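The block underneath contains the structure these notes are about, expressed in structure tokens.
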Amino acid sequence: HVVGSQVGEVLLYYCYCEVRDPEKLCAWQKALCQHLHLTGKVRVASEGINGTVGGSKVATSLYVKVMLSQPLFKNILCQEDFKSSAGGAHCFPDLRVGVFKEIVPMGIDPKIVSYKETGIHLSPQEFHREVEQYLSQATQGQSDTILLDCRNFYESKIGHFQGCLAPDIRKFSYFPSYVDENLELFKDKRVLMYCTGGIRCERGSAYLRSKAVCREVYQLKGGIHKYLEEFPDGFYRGKLFVFDDRYAICSNEDIISACRYCGVLWDQYKLCSSQHCRQLVLTCPSCCNKGLTACCPVCQEKDLKVTSRASGQTLKEECECTRRRPRVPIEHGSPRMLDTGK
């Protein structure tokens, strides 16, 4: 296809707004993406829309134009809200557009914790200054600030802000429990929060604020994505994890994570070779060549045949990685802050 054959890009965006008829918006969105030969994932809910789509540059710029002229998003969504990176339709296996309860799955009813109760948004420049100040205070051991990464452990493992607290959680829906179990940690603190594109902070900060323990809650507007556009060599080190077939995008040459097997610096994820498993694994080329391609010994031994239920559904993974990880980690004493690994 002509449209698909050009060098393209991947867009990431969200818009919180009142959607009276999510089904109708969903159908419109699906037709639009199909028409432009875009692939990717779009979540629609009564609280708004959240999407990441890939295609040719002609297609993605048309998509942005149409989205900005859609009456629902007028005066809310703007050009700035679309984060783009090099890629294309090949970055996603297909197109999935659906109606959900939440546009980012935190597992809490949007009526109970609303995006309207969000923290204070900081521009990349403001956030950069805050982190700079935090890091200089932290070295003197007198900071009243927590720099909180509200992404999952496998995301922060390959890239994060210096000196951040990165919860060892597997899904964003565990974040509220993480906050509940570690409330003492946030008492009277100023919290600087960040995530990939800003969307998880919208509800995450609202949840944290609803607990009424923090002094202030700030969040990085546009997420790491926008920060890296302005500060490719700033306080964020390593790669930025993305939820498509690229797994990561890079703004600096730092590698801050290691091969699971031999410990050599490595940050390119692969899916565990065991068919039933959906875990990501960091295994370097030389370990791959030795056949070390699974996420844990259990998977390595089994390289299991797909276990199917009568309905033909595949069983969800259950291996050492998932069994041994506490669902909600409790930070004891002073929490483990991640360093640069430089």
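Here are the numbers for this structure:
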{"read-out": "Residue in region 233-249 that is free of Cβ contacts under 8 Å to residues at least 40 places away in the same chain and either part of a loop (DSSP other than H, G, I, E, B) or at positive phi (or both) present", "value": "yes"}
{"read-out": "Residue within region 58-75 that is over 28 Å from Tyr227 (Cα atoms) and either in the same structural domain as Tyr178 (by the TED database) or not small (Gly, Ala, Ser) (or both) present", "value": "yes"}
{"read-out": "Odd one out for Glu184 among (1) at pLDDT below 95; (2) not in a helix (DSSP H, G or I)", "value": "(2)"}
{"read-out": "Residues of region 258-279 classified as out of contact with any Gly (no Cβ under 7 Å at 6 or more places or on another chain) and closer than 29 Å to Glu229 by Cα, total", "value": "9"}
{"read-out": "Check on Ser286, surrounded by fewer than 19 Cβ atoms within 10 Å (Cβ to Cβ), of a type in the set (S, T, N, Q), in contact (Cβ under 8 Å) with a residue 12 or more places away in the chain and not in a loop (DSSP other than H, G, I, E, B)", "value": "yes"}
{"read-out": "Residue among Leu185, Leu220, Leu208 that is in the same structural domain as Gln140 (by the TED database) and surrounded by fewer than 23 Cβ atoms within 10 Å (Cβ to Cβ)", "value": "Leu185"}
{"read-out": "Test: residue in region 123-140 that is of a type in the set (D, E, K, R) and assigned to a loop (DSSP other than H, G, I, E, B)", "value": "no"}
{"read-out": "Residue match in region 52-63 (condition: closer than 26 Å to Cys250 by Cβ, in contact with a helix residue (DSSP H, G or I) (Cβ under 6 Å, 6 or more places away or on another chain) and either free of Cβ contacts under 8 Å to residues at least 24 places away in the same chain or among the charged types (D, E, K, R) (or both))", "value": "no"}
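One line per residue, one yes/no per condition, for (1) of a type in the set (Gly, Ala, Ser); (2) crowded, with 18+ Cβ neighbours inside 10 Å:
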residue: Leu36; (1), (2): no, yes
residue: Arg43; (1), (2): no, yes
residue: Ile49; (1), (2): no, yes
residue: Ser56; (1), (2): yes, yes
residue: Ala59; (1), (2): yes, yes
residue: Tyr63; (1), (2): no, yes
residue: Met67; (1), (2): no, yes
residue: Pro71; (1), (2): no, no
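The values are calculated or read from the model by the stated rules, or taken from the named source; none is laboratory data. Since the structure is predicted, the reported quantities are computational estimates derived from the model, not experimental observations. Neighbour counts are summed over all protein chains in view; Cβ atoms, including those assigned to glycine, are modelled from backbone coordinates with ideal geometry.
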